[in-house]
1. Of (1) surrounded by fewer than 24 Cβ atoms within 10 Å (Cβ to Cβ); (2) part of a helix (DSSP H, G or I); (3) at the interface with chain A (Cβ under 7 Å from one of its Cβ atoms); (4) in contact with a helix residue (DSSP H, G or I) (Cβ under 6 Å, 6 or more places away or on another chain), D:I62 satisfies all except one. Which?
2. Considering every residue within region A:113-133, establish whether at least one is polar (S, T, N, Q), in a helix (DSSP H, G or I) and under 19 Å from A:V253 (Cα atoms).
3. Would you mention how many residues in region B:263-289 are hydroxyl-bearing (S, T, Y) and touching a Lys or Arg at 6+ places or on another chain (Cβ under 7 Å)?
4. Within region B:270-294, how many residues turn out to be open to solvent by 50 Å² or more (accessible area, probe 1.4 Å) and more than 14 Å from chain D (Cβ to nearest Cβ)?
5. Residues in region D:123-163 that are facing another protein chain (nearest Cβ under 7 Å), in a helix (DSSP H, G or I), farther than 21 Å from D:P189 by Cβ and over 21 Å from the mean Cα position of the chain (by Cα): how many?
6. Identify the residue in region D:39-59 that is in a loop (DSSP other than H, G, I, E, B) and open to solvent by 30 Å² or more (accessible area, probe 1.4 Å) and, among all such residues, is nearest to D:P233 (Cα to Cα).
7. I'd like the full set of residues that are aromatic (F, W, Y) and surrounded by fewer than 19 Cβ atoms within 10 Å (Cβ to Cβ), limited to region C:180-230.
8. One residue is enough: does region A:161-174 have a residue meeting the conditions at positive phi and at the interface with chain D (Cβ under 7 Å from one of its Cβ atoms)?
Amino acid sequence: MTDASVRISHVAAGHSRVSRAEPWQVRLGTALSKPGFLAALPVGILLLAGFVGPLALVFLFAFMPPQTFSVLQAPTLANFRTIFSDSYYLSFLASLQLAASTVAILLVICYPLAIAMVRVFTRKAGILALVLAAPLFVADNLRLMGWMLFLVKGGVVSGTMQTYLGIPVDSMLYTFSATLFGLVYINLPMMLFPMILGVSMVPAQMREAAFDLGASRWQVMKEVDIPLAMPGIMIGALITFILAAGAITEAKVLGGTAVVMIAQDIQKEFTFAQNWPKGSALSMLMIVLAGSLALAMFKRVDLDAIFGRKG
Amino acid sequence: MTRRNLLQSFSQSRRAFLRDTVSISAGIAAASMMPRGAWAAREKEMNIYCWEGYNSDKVLDPFRKEFDCTVKAQGLISDPEAVNQLRAGDTKVWDIINLNNAWGRRQLYPENLIKPLDKAKFEPLWEMMIPEFKWPYKWSTSDDGNELLGMIQRYGPSGMLVNTEKVSAATLEDEGYDLMLSDAFKGKYAVLMYDDWVIMHVVIAAGFSPFRELTDDEIGKYETVMRKLINNAAFLSDDMNAIALGMINGSIEGSFPGSVYSVSAARYDGNPNLRCIIPNKGPEEMGGKAGVCWMELTSLVNNPQLSPRAEDFLEYCFRPETAKNVSFAEGTYNPVGQMGDPKVMALYNTEELDAFQYDTLSADMAKCADFDIIPSYTKLHEIFSAAVREKA
Amino acid sequence: MTAATGDTASASSAPPPILQLRGVDKLFGEFPAVDRISLDIREGEFFTIVGPSGSGKTTMVRMLVGMDKPTNGDILLRGERINDVPANKRPTCMVFQSLALFPHRSVGQNIEFPLKIRGVKAASRKERALELMAQLRLPESYYGKGVSQCSGGERQRVALARALAFDPEILFFDEPLSALDYKLRKILEKELKDIHRETGKTFVYITHSLEEAMVMSDRIGVMNKGRFVQIGTPNEIYGNPSTRFVSEFMGEVNILEVGPGPDGTVIDQATGASYHAPPIADSFAGGSLVIRPEDIRFLDDTASPAANKLEGVVYNEYLLGSRVQYQVRVGDAQVFLVEKLREQQLASARGGRVTIAWDAKDSTIFPTARFAS
Amino acid sequence: MNDFSHRATWAYGSAMAALILFMYLPMITMALASFSRSKYFSFPVPKYSDKWYLEVFQSLSIRDFFWTSTVVAIAVACLSTVLAFFGALAFARYDWKGRRLFQKIILLPILFPQAVLGLALLLWFTALGITPSWQATVFAHLVWIAPIATLVIAIQVYSFDPAVEEAAYDLGASRWQVMREITLPLLAPGIFSGFTFAFLLSWANFPLSMLSSGADSTIPEWVSAKLQSGYTPQVPAVGTLTILAAAVVMAFGYQISAFMKRRQVKAG
C-alpha cells in the first residue's frame, strides 16, 4: 500500500486557485446575509426608528431659533449662546457632583454586597437577586414618596423618636443630602447587579493562588479581586453615573428642589417654558456628556467577558 | 408659539404608513387582550384632558355607567403645556379640555382648537351660577361675545397659605406678600412650583399687574423679589400634598403661592388652622386687588371625530349632585359656580363648606383679579428658572 | 461527473472510494486552513485524520459534513458533487467533540431525534433506540434518563447511538474522546473499532493523538498546515514515517541534527560524533537523525559490539505503567530518551553510568528540505 | 461552600439583611400610609382604615388604567421578547462583522436618561404626526426595554453550546426544526425571564409613558398625576398592591424558570 504518496500529490498542475477578489457588492451581500446580521436586524431597526431618529431630531432642534416648533429653519447657535451665558453650568455641576457622589457611595456599599452575593450566599443568590430586583417594578416616584413619608417630620423616623423616645426630630428632607440619598437608593440595583457579574468573573483559584503566594487580604483585593472584577464595576459605575446625572424625581420629591438637576431644566424647557430648541440644546449637552463617557468606557470593556462570564 | 407638524415635507401617505407600522406591530400582539374594541365608534368613548378633579371616580364612574361609555381622563399640570399639546395635533385625541379661564378666549378659540357650544342649549344652565359669574360671564365667551366657548364650574382665590396658629390671618392680610418675603419668614415657607402661578404672584408682590407687558425696570424689580422668594424658601415642590403635610407637621408655616384648593383637603381632614389668605392691598393698576381668581373653563375640543358624549358630559356636570362631586373630588375641594342654585347648596354640610373657607370666600374673591395670560411670560420664566437654579 | 484521478491501478484491489476530495481548499481571508487537498476515502474503511491543533483537520471535517463550503475544489460522494448540499441533506453525520447531546432531552429522545425528524412513528422509534442502546451496552433503564445524569462514557455511547440511528453512509468523529480520562478512552477506542466492524460503515475519525489513530484505523492521514504529509496504514506510518514531522508527532523521539560523514556515516553537528545510519543519498547535505526511545538498548557489557555506542549517566527515571523511560545524559549537551519494558528496569537507576546503543536500521534520516529549487 | 469564617459570614449576612430592609423600607412606609385613615400621613398612624383599598377596587378609572398598563406591558413583553430573542443571538451566538459595535449600540438606550429619551420621542412622534396613544407608548417602551431583554436572553445564549444546533442540523433537521426542537427549548428559561422582566419594567415605567400615551394613561401616570395634585392614600394603596403583584409574578416566574432549568441541567 504505497500508493499513499500518489494520493497526496497536490494535483498541482492545471488546478490553480480561483481568484478570491469578489466584487464589493457580492462581499456586502454575503455580509448582509450572515445570520448574525439578520438576527440583529429587528432590534437594529427598532433602535434606528426609536433611538437614533429621535436623537437626530433633538440634534436638529438644538440649532433651531428659540421658541419655535419647526426644524425647517435656518440653523442658529442662539440656544447654545443663551445656555453658556446663563447659569446652566450650575445645574450641570450639581448633576455631575451628585452623580459622582452617588457612584462613589454605591461603589463602597455595593462591593461587599456583591462579594456576599457571589461568594457567601452562592446558593441563595438567585432568590436574593429576585428579592432585591422586585422594588424596581414599583415606579420610582412611588418609592421615593415612601421615603418622603419615612423621613418627613411626623413621619416614621421622627414620629418614632418623638412618640417612643421623646426626642424631637426635624424633617430630614429638602437638602442636597436628601437628594443624594434618593439617588443612592434608586440606583443601588444598577450598581449592584453589574458588580455581581464582575465579581463572579474572578476565578476562586486565582485568589487562592494569591493567598498561597503570601498576599494579604488587602493585597489580594487590590491585586486580584478588583482588577479582575473591573469590567463589571465599570459598567455599574457608568450606568449609575449616567442615570444619576439624568435624574429628576429624587431632587423634586426628596430634595425639595434644593438642587436643580439638569434633567429638570430640560423638562422645564419642554413644558412650562415651551422652548423646545433650548430644551434640545440642553439635551444635546447631556447626550454628549453621557455618550462620551459611555464610549470611553466601552473601549476598555469586553462585553462578551462580562455577560458570558468567560473571564 | 405656534407649533405645526415638524417635517412638513413628509407626505401624508408616508406619515400614515409610519403610524400604521407602529400601531400594527404593537396591535398584533395586544389586539386579543384589548378589554374593549379599540376602534369602536366614538359614541361609546370620550377622552378628557383636565385639571385634577374631573378625572375622579366620583365624577366619572356614574357617567360611565349611565352612558355606557368608556371615559379616559388625564390630569394636567400646566395650562400652557396642554395648549401646546392641542396645537401639536392632540385635538384628535381629546373631546373635552378643562383649563383656566383665559386660555379659551385668548388662544384656544382664536386658533380653532375648541368648538363653540350650542348657546340655546347651554345658556339656560347659567341660571345656577352665583352672582359673581352671572351671564354674560366674560371668560366663557369669545371676544365679540357671540360664541359660548365653554362651561365654568370650579373657581377659587389664589394668594398664600398660612398656618394661622403661627401667624394670624389678619396680620398676613394686612402685611401682604411682604410678610412672607421678610427675613423673619426665611425658611418657614415652601414655594408651590406651578410656574405660571409663582410668576403671577411675584409680579403682584413686586407691585405690578402680571397681565400686561412689563418694562425692563419692572422686570428688574420682579427679579429681586423672585430671587428673595426662592432663596428664602424652605423647599420648592410641585406636590401640594407635601406642602400641606409640611404645614400640618409644623416644619413650615406657609406656602407661596397658595389657593383654596391646595389647603381645602387638609382643612377638611382636621386642620382648620391652615388657611388661604388674600392680602388686602394690591397694585393700584389692578384696582388694589392682590389675589388672582381662577375659574376653570370646560370646552369641547375641535376634534374631527368629536364624541357625542362630550356635550352630554358638559350637561352632566351641571346636575346638582355632579356639581357637588366635582366640588368635592378626591384630592382637592373647591367651591363651584353652581352654588348659586339652592339645590346644589343644599348638598353641602357645614364642615364641607368650611373646608373651602366659605365664611370668607366672597370677601376673598373680591380681593382677586381675574386670571389672564401673562404677556411677558417667556422672559419672566427665564428669570424664575435662573433663580431656582441659583438658589442660595 | 469528472472521472477520478489516475491512481486506479494501485487501488484496484481496494474497495471503491465513497468520498473523494478534488483539490479542495478553504481560505479564511488569505489564510488556507485547508490547502488544495485531494483524497479518496474507501467504502467501509476506518480512516483517521491526525494532526496537531491548527492543522486544518476540523475545518476539513466541517466541509465534509456540510457545515462549511470549500473555497475551491470538489467533494464527491459516490461520484456525485455534494459541495452545495447542506449538512441536513447529506447522508452523513458527525459525532461532535462536545458530543452536542440535547440537554433538554432524555437519552431515548436524543437517540430518536433523527428518526423523529424523518417522521418515524413513536413505537418503531423506541424499538430502534432500544436496539441501539443494547448494541452500545447502554442499560434499557437509561431510556428515560436525562443526558446530564449520564457519565462521560455513557454520554459518548448516547452520541454514537444517536448518530447510528441516523443510519449515515459515512460517520464522522471530531475528537469525541478527547475529554475523557486515559483509561476510559482506551476502552472506548476499542469499542469504536468493534462497532466499525459490526456496522460495516465508513468511519472518518479526527484526532490529535496518533496513538489513538493507531489503535483504531485502517488508514491514517497525517495533516500539517492544511496538507496531508503522509497517508498510509498504521504500520506504514509507524514503521516508515515520511518526514521528521510525522515521526515527532508519533511521540517522544530522539532527534539529532546531523551532517554527511565519511563511508555513509553521519556526523552529529552538536558533538562531532559519527553514527552509522541507513543509507543516505549522495546529495545529502544535512538533516535529522531520528531514533525511537524503545530502539535504544542498554549494553550490560560495554565491550559488546554495536553500530552506535555512547556512554552516559542516568539522570532521571520515569515509570510509564508497563514501561520505564530513562533520561540519559551523554556529555554535557546531549540527552537521550530510552524506553524499556518494566521487567527490564535497571537495578540502580539515578546517577548510574550506562552504555546505550542502537542499530543503524532502527534510525531514520530526514534530509533537511533544501532552500532553493 | 466558601472560604469565610463564621464571623465574616455573619457580617456579610447582616449587611445583606440591612440591604434588603433598606430596599423595602419605603415600601413598608407606603403600606402604612395606605392604611392610614387620614390623607396626611403621620406616625404612629392615629387611625387605620381599609377604605382606600375599597375605593381602589371600586374605581372604574383605576380599572381602566390597570387594563391599559397590562395591555401595554403584555404587548411590550411579547414584542420585545421576539426582538430580543434574535437580538441576543446576534449579541452572543453568532460571529459576525458588526457584532462588537452592535453590542455597544444596544447598551446605549439602557444607559440613556429616560426623561430625556421620553422628550426626544415626543419630538419624534410629533414630527411624524403620530398621535399619542397606547400603541405609541408600546413603541416608546420597546426602545428601552427590548435592549434590556436582549441582555437578559444573551446571558442565557452564552451558556449554550452552538454545536447542539449544528448536531441537530447534521442529523437531518431543517433550520426551522432546529429552531423549534433545539434552540427555543434550550433558551426557554432566558426567554422566559426576558419576558417577565420586560413585562414588569413596562408596567412600572413612567418617564416614557408620560409623553406618549395620550388618553391611554397607565397606572404609573395616574400615580404621578395624583402625587402632584390630588393625593389620596389610594396612591400608596395602588403602590402596595403593585409590589404584591410584582412579588407574585416574580415568584411564579422564578418557579417556572427553576423548573425549566431543573429539566435541563447544563450538559457541559
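The values are calculated or read from the model by the stated rules, or taken from the named source; none is laboratory data. This structure is a prediction, so every number in the text was calculated from the model and none was measured. Because the Cβ atoms are built from the backbone with ideal geometry, glycine has one as well, and the counts that use them run over all protein chains shown. Accessible surface areas use protein heavy atoms only, side chains included; no ligands, DNA or RNA. Shrake-Rupley method; radii C 1.70, N 1.55, O 1.52, S 1.80 Å.
1. Single failed check for D:I62: (3).
2. Just the residues of region A:113-133 that are polar (S, T, N, Q), to begin with: A:122.
Imposing the further condition that a residue be in a helix (DSSP H, G or I) reduces the set to A:122.
Adding the requirement that they be under 19 Å from A:V253 (Cα atoms) leaves none.
Scanning region A:113-133, I find no residue that is polar (S, T, N, Q), in a helix (DSSP H, G or I) and under 19 Å from A:V253 (Cα atoms), so the answer is no.
3. Residues of region B:263-289 hydroxyl-bearing (S, T, Y): B:264, B:268.
Keeping just the survivors that are touching a Lys or Arg at 6+ places or on another chain (Cβ under 7 Å) gives none.
Adding up the residues that qualify gives 0.
4. So the first thing to find is which residues in region B:270-294 are open to solvent by 50 Å² or more (accessible area, probe 1.4 Å), and the list is B:270, B:272, B:280-281, B:284-285, B:287, B:289.
Now drop any that are not more than 14 Å from chain D (Cβ to nearest Cβ), which leaves B:280-281, B:284-285, B:287, B:289.
Of the residues in region B:270-294, 6 are open to solvent by 50 Å² or more (accessible area, probe 1.4 Å) and more than 14 Å from chain D (Cβ to nearest Cβ).
5. Of the residues in region D:123-163, 5 are facing another protein chain (nearest Cβ under 7 Å), in a helix (DSSP H, G or I), farther than 21 Å from D:P189 by Cβ and over 21 Å from the mean Cα position of the chain (by Cα).
6. D:D50
7. Of region C:180-230, the ones aromatic (F, W, Y) are C:182, C:203, C:205, C:228.
Residue satisfying the conditions is C:Y182 alone.
8. First, pick out the residues of region A:161-174 that are at positive phi: A:166, A:174.
Filter once more, keeping what is at the interface with chain D (Cβ under 7 Å from one of its Cβ atoms): none.
Checking region A:161-174: not a single residue is at positive phi and at the interface with chain D (Cβ under 7 Å from one of its Cβ atoms).
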